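Rule-based calculations on the coordinates, nothing more; no lab input. Source: prediction; values computed, not measured. Every residue, glycine as well, gets a Cβ built from its backbone with ideal geometry; the counts of neighbours run over all protein chains shown.
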Amino acid sequence: MTRVLLFGRLRDLAGWRETELTPASASLAELKRRLAEAWPDLGAALAGPGVQVAVDRALARGDVALRPEAEVAFMPPMSGG
């Protein structure tokens with residue numbers, strides 16, 4: 001099982017804040033593909049620039065392997081001033 005958390009605009013696009021996907025995804029790329037298939041608007045947003053990803057509470061870049069019970073959080077781009 002992969003636990004997925006969404007924040008901000010990403011949560012609004014999907015219509016949920018937290019879900020669990022079974023079977024677990026083996027990689028971040030596979031997880032994004034599964035999310036895009038189920039929620040196309042969310043998938044488009046995740047493919048866009050500036051989305052931050054945390055895997056097991058540590059920021060991740062690129063494709064990373066996921067442990068079977070991983071927690072993956074997606075955060076929208078932040079704007080600052």
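Note on the chain: with charges restricted to the Cβ of Lys and Arg (+1) and Asp and Glu (-1), its dipole about the Cα centre is near 160 debye. Here is the P(r) of the chain: all C-alpha pair distances, binned every 5 Å from 0, give 3, 16, 30, 29, 16, 4, 2, 0, 0 in whole percents.
With a simple spin-label model that places each label point 7 Å from the Cα along the Cα-to-Cβ direction, the separation between residue 65 and residue 51 comes to 2.4 nm.
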